[in-house]
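Notes for the one structure printed next.
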């Protein structure tokens with residue numbers, strides 16, 4: 001194999017690797033977007049659970065006053 005053909009093979013392999021890295025970068029960006037949405041959903045859920053908990057605390061206190 002001559003130097004020219006070795007260079008061509010290396011260039012082709014580098015091109016293939018570059019394409020794979022580009023695809024991975026795209027996927028990582030997509031995953032980061034999903035993580036952001038999941039974090040937002042988790043915060044919303046936590047706030048809702050706090051509200052539910054506060055509601056039931058108030059119900060419990062009201063029931064105790066009636067006794």
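The figures follow:
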{"quantity": "Among 43, 32, 13, residue whose mean-square fluctuation peaks in a GNM of the chain (springs only between Cα atoms under 10 Å)", "calculated": "13"}
{"quantity": "Highest-fluctuation residue, 38, 14, 24 considered, GNM on the chain with Cα pairs under 10 Å", "calculated": "14"}
{"quantity": "The chain: C-alpha gyration tensor shape, a/c 1.5 cut-off, then a/b vs b/c", "calculated": "prolate"}
{"quantity": "Degrees separating the helix 3-66 axis from the principal Cα axis of the chain, which is the longest one", "calculated": "0 degrees"}
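Readers should treat all values here as calculations from the given coordinates under stated rules, not as data from a laboratory. Being a predicted model, the structure only gives us computed values, none of them experimental.
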